[in-house]
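So the structure is just underneath, and the comments pick up after that.
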Amino acid sequence: MSWQGELNRYLASAYKNWVITKRNAFTLFELFFWPLVSLLSIGLLTRFLMMDESMVSFLIVGSIALTILQVAQLDVSYVLLFDMWSKSIKNTFIAPVHSWHLIFGSLLFGIMRGSVVFAILASVSFYLFGFKFQTGGLIPPLIFLIGVFAMAAIIGIVVCISILTFGQKADVAAWSLSGLILLFSGIYYPVDVLPAFLQSVSRAIPLTYFLEYYRSVFIPGPHHLIVGLSLAALYLLLGLILFDRAINRARRTGILLRLSE
């Protein structure tokens, strides 16, 4: 197959998300309203507590990660959620596409939306709270965003597998999984404050390492970026394998047809 045909398979998922998103007025809340509410809440809290610049940066990094992760992972999850809600999920798999086309195509659109959110939040946090996202150069925030988007893809894969396994009841995972992961990743606190057994859970989540890495730019300290990159790559590969198996199983058991009725 030509590279143009392969590229079109990825772009098809991104385009589908774009077509559906632009018709939904509530997506403006995901891009502007809720991200700004979250950022302003944390920023004003730092003012009230009279935190120094390093602690302000610590919390704002967490707030930005929270928002971008939720926006991007929803775009990956929407690749099947929209079809399930519209009873047309079987149509997606009539086309000759694989799991990676669906995931990375929808992730592309999630990266675009997430980048817009990051630009907005970084600008607002600089002018209102003095947060300088480019401290240490442009490489740290770029690596940080790569980690957040990779984590969003992993969550989206889990949601898609859940849909093909459990049906419509699984859509709650699209809104709950990111919250649980952020809780264990130390979104507003270092993971050292968690109980020992929960710290083990935190160390198994790639996002933990990307948060530590980016925060080390503002508050010098150790980080293990290589571990985070390795875990993200491992989970993505494993997730795609399991997603392909879930697709094949759904075809054999008739779940695709039941979700389309």
field: Cβ-defined net charge surrounding residue 61, 11 Å radius [Lys, Arg +1; Asp, Glu -1]
entry: 0
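Could you rank the peptides 10-17, 224-231 by their average count of other C-beta atoms within 10 Å per residue, with the highest value first? Let's see the in-between values first.
Numbers: 10-17: 19.0, 224-231: 16.6.
By packing density, highest mean first, the sequence is 10-17, 224-231.
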- request: Binning at 10 Å from 0, report for the chain what percent of all alpha-carbon pair distances ends up in each bin.
  value: 7, 30, 34, 21, 8, 1
task: Report the convex hull volume per residue for the range 51-202, counting only C-alpha atoms, in Å³.
output: 130 Å³
field: Local electrostatic count at residue 130 - Lys and Arg +1, Asp and Glu -1, tallied over other residues with Cβ under 14 Å
entry: 0
- prompt: Using unit Cβ charges (K, R positive; D, E negative) and no other charged atoms, how large, in debye to the nearest 20, is the dipole of the chain about its Cα centre?
  reply: 760 debye
task: Report, to the nearest 10°, how far helix 34-48 tilts away from the longest principal axis of the Cα atoms in the chain, using its own Cα long axis and a range of 0 to 90°.
output: 20 degrees
- prompt: Using the beta-carbon distance between residue 86 and residue 44 and R0 = 41 Å, what value does 1/(1 + (r/R0)^6) give for FRET efficiency, to the nearest 0.05?
  reply: 0.55
query: How many percent of the alpha carbon pairs in the range 216-261 exceed a separation of 12 Å?
result: 72 percent
- request: Report ³J(HN,Hα) in whole Hz for each residue of the range 53-65, in order, from the Karplus equation J = 6.51 cos²θ - 1.76 cosθ + 1.60 where θ = phi - 60°; Gly and Pro get x.
  value: 4, 5, 6, 4, 5, 4, 6, 5, 4, x, 5, 5, 4
query: Cα centroids of the range 190-261 and the range 57-119: how far apart, whole angstrom?
result: 15 Å
query: Could you give P(r) for the range 129-238, binned at 10 Å from zero, as whole percent values over all Cα-Cα pairs?
result: 14, 41, 32, 11, 2
- line: Straight-line reach check, residue 87, cutoff 30 Å on alpha carbons, 8 or more apart in-chain or any other chain, hits among lysines -> 16, 22, 169
message: Can you give me the angle between helix 225-253 and the longest principal axis of the chain, using Cα atoms only, in degrees from 0 to 90, rounded to the nearest 10?
response: 20 degrees
- prompt: So how much accessible area does residue 38 have, in Å² to the nearest 10, using a 1.4 Å probe?
  reply: 30 Å²
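Taking N as the number of residues in the range 16-126, what is its Cα Rg relative to 2.2 N^0.38 Å?
On the way: Rg = 17.1 Å, N = 111, 2.2 N^0.38 = 13.2 Å.
In units of the 2.2 N^0.38 Å rule of thumb, it is 1.30.
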task: Evaluate the relative contact order of the range 3-258 (contact order divided by residue number), counting alpha-carbon pairs under 8 angstrom at least 6 apart; express in whole percent.
output: 25 percent
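The values are calculated or read from the model by the stated rules, or taken from the named source; none is laboratory data. It should be emphasised that the depicted structure is a prediction, and the values quoted were computed from it without experimental measurement. Backbone-built Cβ (ideal geometry, glycine too); neighbour counts: all protein chains shown. Heads up: the accessible areas ignore ligands, DNA and RNA and are worked out on the full protein's heavy atoms, side chains in. Shrake-Rupley method; radii C 1.70, N 1.55, O 1.52, S 1.80 Å.
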